[in-house]
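Just dropping this structure here.
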Amino acid sequence: MVLSKTGGRYRIFCQGTVLEASLRGRLKQSAGSQVLVGDEVVLHRLSDGTSTIERVGPRRSVLKRRSPGRTRGVRHIAANVDRVVVVGSARHPMWDASLIDRFTVVAAANGLPVAVVVNKCDLVVEWDVLGRPYEKAGYPVVYTSVPNRQGMEDLRRLLENQASVLSGPTGVGKSSLLNALQPGLRLRTAAVSKRARSGRHTTVSAEMHRFGQGGFVVDSPGLRDIGLWGLEPREVAAAFPEFAQWTADCRFDNCRHLQEPGCAIVEAVTRGDLATSRLESYRQMLSEAQQAARPWARGKTR
């Protein structure tokens with residue numbers, strides 16, 4: 001299993017040990033043969049003790065997102081993962097519901113289960129309020145604090161015996177959580193900027209680590225923004241799973257939950273059954289998906 005890539009060298013977990021390998025020449029030249037963290041690969045051991053990657057095995061899943069900036073390409077993050085764990089911080093940097101929603105929707109676009117972690121709960125009083133919209137959506141939610149050891153065992157149980165990707169905004173403490181759970185990792189961390197109260201990048205590329213007895217965890221770079229990827233306009237509502245309990249009650253079968261009369265989703269927000277932030281996120285992402293689906297918009301990005 002590929003753990004990380006630095007330049008042209010790959011760290012591989014093989015039969016209980018970690019070794020380095022390079023790509024065989026024909027793999028370097030073949031299109032679409034990008035080797036990802038989490039890939040299962042076939043190695044060839046040379047007589048001088050070095051190894052080459054001969055072949056990449058079939059993938060059961062791939063986590064992808066839109067490339068950053070104005071480009072419309074796709075960036076592959078990791079392969080063969082079982083769950084995406086979206087981490088946000090209660091404070092420093094402040095909880096950003098719209099950004100957390102984007103991470104959950106990108107995971108949904110890739111067909112991957114999602115869990116949400118509210119970290120740095122020691123910095124606020126009503127930390128549980130932040131996770132309630134996601135609990136109502138059916139996501140597992142864990143509330144954590146590294147200094148207080150809050151939620152550490154709950155998070156450990158969530159990560160054990162599967163391959164998980166930790167994703168989320170910059171500076172929310174993903175690496176600190178993993179260090180607290182498994183001190184031998186010694187992942188690099190950094191203090192949050194005092195002036196901007198924003199996070200600093202410490203993880204620069206996705207890297208997989210062994211976790212516990214049978215698990216693997218991918219620590220991915222934090223992001224200050226994440227573009228919507230992989231969803232058609234009609235699919236956006238499905239990425240908000242809590243909507244399903246009300247959509248059948250909308251007056252119109254094709255209700256987009258915008259300004260239509262008799263919208264059950266809007267009524268749920270009015271009653272307090274659905275968080276306003278979730279509806280706002282949905283509307284923003286629906287607008288982006290509609291924009292991306294227009295023929296003239298696609299033409300501009302070629």
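Please indicate, with yes or no, whether at least one residue in the stretch 53-68 is of a type in the set (D, E, K, R), modelled with pLDDT under 85, open to solvent by 70 Å² or more (accessible area, probe 1.4 Å) and more than 30 Å from L123 (Cα to Cα).
Within the stretch 53-68 (the criterion being of a type in the set (D, E, K, R), modelled with pLDDT under 85, open to solvent by 70 Å² or more (accessible area, probe 1.4 Å) and more than 30 Å from L123 (Cα to Cα)), the answer is no, since none of the residues qualifies.
Among R283, R278, R251, which is modelled with pLDDT of 95 or more, more than 26 Å from I77 (Cβ to Cβ), of a type outside the set (F, W, Y) and in a helix (DSSP H, G or I)?
Answer to the check: R283.
Shifting gears a bit: What pairs come up if the first residue lies in the stretch 262-285 and is over 12 Å from D249 (Cβ atoms), the second is open to solvent by 10 Å² or more (accessible area, probe 1.4 Å) and among the polar types (S, T, N, Q), and their beta carbons are under 8 Å apart, counting only those six or more places apart or on different chains?
Once the first residue is over 12 Å from D249 (Cβ atoms) and sits in the stretch 262-285, its partners that are open to solvent by 10 Å² or more (accessible area, probe 1.4 Å) and among the polar types (S, T, N, Q) give V269/T276; S277/S98; E280/S98; S281/S98; Q284/S98.
Would you check which residues across the stretch 17-33 are open to solvent by 100 Å² or more (accessible area, probe 1.4 Å), touching a strand residue (DSSP E or B) at 6+ places or on another chain (Cβ under 7 Å) and at pLDDT below 90 and list them?
Passing the criteria: only R24.
Next up: For H257, state whether it is at pLDDT 95 or above, outside any helix (DSSP H, G or I) and surrounded by 12 or more Cβ atoms within 10 Å (Cβ to Cβ). Even if it seems obvious, please write down each step before you answer.
On the way: at pLDDT 95 or above: yes; outside any helix (DSSP H, G or I): yes; surrounded by 12 or more Cβ atoms within 10 Å (Cβ to Cβ): yes.
In short, yes.
Give the number of residues within the stretch 34-52 that are open to solvent by less than 20 Å² (accessible area, probe 1.4 Å), among the small types (G, A, S), on the phi < 0 side of the Ramachandran plot and not in a strand (DSSP E or B).
Final tally of qualifying residues: 0.
In this structure, is A115 under 25 Å from R60 (Cβ atoms), touching a residue at least 60 places away in the same chain (Cβ under 8 Å) and either of a type outside the set (A, V, I, L, M) or not in a loop (DSSP other than H, G, I, E, B) (or both)?
no
Here's a follow-up. Looking at the stretch 121-151 only, could you name the residues that are closer than 17 Å to R278 by Cα, surrounded by 14 or more Cβ atoms within 10 Å (Cβ to Cβ) and under 20 Å from the mean Cα position of the chain (by Cα)?
Scanning the stretch 121-151 gives L130, G131, P133, Y134, K136, A137, Y139, P140, V141.
Another question, then. Say whether the condition of being at pLDDT 95 or above, in contact with a helix residue (DSSP H, G or I) (Cβ under 8 Å, 6 or more places away or on another chain), open to solvent by less than 50 Å² (accessible area, probe 1.4 Å) and not in a helix (DSSP H, G or I) is met by at least one residue in the stretch 165-175.
no
Could you go through the stretch 76-97 and let me know if any residue there is assigned to a helix (DSSP H, G or I) and open to solvent by 40 Å² or more (accessible area, probe 1.4 Å).
No, the conditions are met nowhere in the stretch 76-97.
Which of the residues that make up the stretch 236-245 are free of Cβ contacts under 8 Å to residues at least 60 places away in the same chain and surrounded by fewer than 19 Cβ atoms within 10 Å (Cβ to Cβ)?
Across the stretch 236-245, the qualifying residues are A244, Q245.
The values are calculated or read from the model by the stated rules, or taken from the named source; none is laboratory data. Note that the coordinates shown come from a computational prediction; the quantities given were computed from them, not determined experimentally. In this analysis, Cβ positions are derived from the backbone assuming ideal geometry, glycine residues included, and neighbour counts consider all displayed protein chains. These accessible areas exclude ligands, DNA and RNA; they are computed on the full protein's heavy atoms, side chains included. Shrake-Rupley method; radii C 1.70, N 1.55, O 1.52, S 1.80 Å.
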